[in-house]
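Written out below as structure tokens is the structure these notes cover.
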Amino acid sequence: MVRLSKWLLKEAGTGVNKTLSEILVCPLSKQALRVCEEPPSLISDSIGVSFPMKDGIPCLVPTDGKILDTDDTMKHDNAADDSANNK
Amino acid sequence: MALRLVTKNLSSRISPKLCSASLLHSHATSFGFKEVREEEKSQMVGKVFSNVASNYDLMNDFMSGGLHRLWKDRLVSKLSPFPGMKHLDVAGGTGDVAFRILESVNSIKRRALQDPLNDDLQEETRIYVCDINPNMLDVGKNRALEKGLGEDKSLVWVQGDAEALSFEDNSMDGYTIAFGIRNVTHIEKVLSEAYRVLKRGGRFLCLELSHVDIPVFKELYDFYSFSVIPRLGEIVAGDRESYQYLVESIRRFPPQEKFASMIADAGFQKVEYENLVGGVVAIHSGLKI
């Protein structure tokens, strides 16, 4: 039952991502967000921060944001390690 | 005793702004009756709610004798939900208020029968549930699934900070915060964010545990709060400390009149409050004109 509900949550997540980016804004700059499919996240280009999505729930708490390098989101894993260490 | 009275008089004569600032500062650095660093408060509160999340609804029933359900019903009735509305429920983790609003909107739809305009509006209804704690949101999302609302696109779950909301200005018809504002670090930021996201004509509603002044009843309530509740927390949830924090935080929160003036300071008009159960809870409301 738990596995089924987790799977349902995940499936519901991917379709809803696009709609979310249309409604939600960056909690810090209040500017628009961009969807990133893999890893699922919402990017705030205005301040170069990415916010994760877990089970279809966007995590837009300012302290959950990971600062992106100007190149691209490939360095996401390193940033994730950093923020994990900071926490 | 006399000295306390004198200092009390003095402090009320000092500029009200100073008083407000010190009150807010003391809220930001208080964790129940303990003094903490401002930057720590959010984490400590986070731990409390991660601990209580799985038993949250059960404990609410125990502690309030089921009354919290009626209080939330009253809150939602003051909101006057309508199909097509965009509503934000902050600190609404386990979904109690959001589900009630959704039910209320759906019941309007049923009453309207075959009204094509209403059907389209119904599609547009959006209730955003925002909570800073992921455990509380998980409980809420699972409850939605159990109620068969898992696929309902009217409900949108977002993890966010009430002090820095991820919604646009002037986007919400309604804003509710039930039993949440007591736990934030900066009350004034939460109020100003609420003001920002509400549309003109939008309603702010806050349901919160408040202050009892009625003699005798006050003493009984104090006894219940400090002797019974933490013990109940220990027995039912295996967590005495979290419930100790909860009852202390109620006493540290500004009283009804003071909180009402803070809401007005944020820009809201027609600010009023209604006491329930002699002030055990209060519903504060304001309008963004």
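The values are calculated or read from the model by the stated rules, or taken from the named source; none is laboratory data. Keep in mind that what you see is a predicted model, and the values were worked out from it rather than measured. Here the Cβ is made from the backbone with ideal geometry for all residues, glycine too, and neighbour counts use every protein chain on show. For the accessible areas, the whole protein counts, side chains as well, though only heavy atoms, and no ligand, DNA or RNA atoms are used. Shrake-Rupley method; radii C 1.70, N 1.55, O 1.52, S 1.80 Å.
The table for this structure:
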item	result
Residue match in the stretch B:241-249 (condition: part of a helix (DSSP H, G or I) and open to solvent by 30 Å² or more (accessible area, probe 1.4 Å))	yes
Answer residue from the stretch B:130-153, given it is open to solvent by less than 50 Å² (accessible area, probe 1.4 Å) and within 13 Å of B:D89 (Cα to Cα) and is nearest to the other protein chains (Cβ to nearest Cβ) among those	B:L137
Any hit, the stretch B:276-289, residues being open to solvent by 60 Å² or more (accessible area, probe 1.4 Å) and without any contact (Cβ under 8 Å) to a residue 24 or more places away in the chain	no
Residue in the stretch B:173-196 that is open to solvent by 20 Å² or more (accessible area, probe 1.4 Å), among the β-branched types (V, I, T) and over 27 Å from B:V36 (Cβ atoms) present	no
Subset of the stretch A:30-87 [more than 14 Å from the chain's Cα centre (by Cα), at pLDDT below 90 and part of a loop (DSSP other than H, G, I, E, B)]	A:D69, A:T70, A:D71, A:D72, A:K87
Residue in the stretch B:82-90 that is among the small types (G, A, S), open to solvent by 50 Å² or more (accessible area, probe 1.4 Å), more than 18 Å from the chain's Cα centre (by Cα) and at pLDDT 85 or above present	no
Hits in the stretch A:54-66 - residues which are touching a strand residue (DSSP E or B) at 6+ places or on another chain (Cβ under 7 Å) and at the interface with chain B (Cβ under 9 Å from one of its Cβ atoms)	A:I57, A:P58, A:C59, A:L60, A:V61, A:P62, A:D64
